[in-house]
1. When you scan segment 76-93, do you find a residue that is at pLDDT below 90 and touching a Lys or Arg at 6+ places or on another chain (Cβ under 7 Å), even just one?
2. Specify which of the listed residues (T67, T39) is in contact (Cβ under 8 Å) with a residue 24 or more places away in the chain and either farther than 18 Å from Q145 by Cβ or open to solvent by less than 50 Å² (accessible area, probe 1.4 Å) (or both).
3. What do you reckon, is A139 in contact (Cβ under 8 Å) with a residue 40 or more places away in the chain and in a helix (DSSP H, G or I)?
4. Just to be sure I understand the filter: pairs with C-beta atoms under 6 Å, separated by 6 or more residues or on different chains, first member in segment 81-96 and on the phi > 0 side of the Ramachandran plot, second member open to solvent by less than 20 Å² (accessible area, probe 1.4 Å). Which pairs pass?
5. Answer yes if at least one residue in segment 98-107 is touching a residue at least 60 places away in the same chain (Cβ under 8 Å) and out of contact with any Lys or Arg (no Cβ under 8 Å at 6 or more places or on another chain), and no otherwise.
6. Among the residues of segment 72-95, what is the count of those that are farther than 23 Å from E160 by Cα and assigned to a loop (DSSP other than H, G, I, E, B)?
7. Let me spell it out: the conditions are (1) within 15 Å of the chain's Cα centre (by Cα); (2) more than 16 Å from F62 (Cβ to Cβ); (3) of a type outside the set (F, W, Y), and E130 meets all of them except one. Which number is the exception?
8. Can you tell me which residue in segment 99-108 is farthest from A79 (Cα to Cα), limited to those that are open to solvent by 60 Å² or more (accessible area, probe 1.4 Å) and not aromatic (F, W, Y)?
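The values are calculated or read from the model by the stated rules, or taken from the named source; none is laboratory data. As the structure is a prediction and not an experimental result, all values here were calculated from the model. Cβ coordinates were reconstructed from backbone atoms using ideal geometry, including for glycine residues, and neighbour counts include every protein chain displayed. Just so you know, the surface numbers come from the protein's heavy atoms only, side chains and all, with ligands and any DNA or RNA stripped out. Shrake-Rupley method; radii C 1.70, N 1.55, O 1.52, S 1.80 Å.
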Amino acid sequence: MGNWYRRVLPALAAVVVFSLAAGALAEDRHEGFYYPELTSSEVYKARSFTSPEASRKARIAFVTGITNEQNKAPYPPQAAIFAKGSDAEKLIIVALEDGRIDTIYRARAIFAQMTAVARLLPVFAQLGVEDFFTFFDLAKMLGFQQITISNGRDFAHQIEIQ
């Protein structure tokens, strides 16, 4: 039995290490492509629920709507916003100019602005949560599981939405 252990244990260890590495690569496949290595992260425990109407199509429509509104402005967009992941469950926001979204404080300020806009949505008023829910709660309602915000150079902050 000792020889069997010596032969199988290294093979099992290799499989576990390979599986963990493959999982990490799959999990972080957007890191290093759309945004730099994460500099910080947090978990947000949403006060909202995931809407029964939440779907890949709804998340893509949400991002498309924001992008269309940005493109209507008389100035170029300051950030790109897009959904990634097999089910479009990851929201990514990347600054398009240097000097923007380059600290955690600026990232939080962007989210505060997005919360102010989200609170004007009819769905928040209908639920009676317009002074309580945040942009992160709206993201949860849409079915987003993760939001990453970056300056596209050396700052990237990620929020896991639970």
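1. The answer is no, given that none of the residues of segment 76-93 is at pLDDT below 90 and touching a Lys or Arg at 6+ places or on another chain (Cβ under 7 Å).
2. One residue alone meets the criteria, T39.
3. yes
4. Listed pairs, sorted by first residue: A88/R59.
5. Yes: segment 98-107 contains one or more residues that are touching a residue at least 60 places away in the same chain (Cβ under 8 Å) and out of contact with any Lys or Arg (no Cβ under 8 Å at 6 or more places or on another chain).
6. Here the count works out to 6.
7. So E130 meets the others, but not (1).
8. Among those that are open to solvent by 60 Å² or more (accessible area, probe 1.4 Å) and not aromatic (F, W, Y), it is R108.
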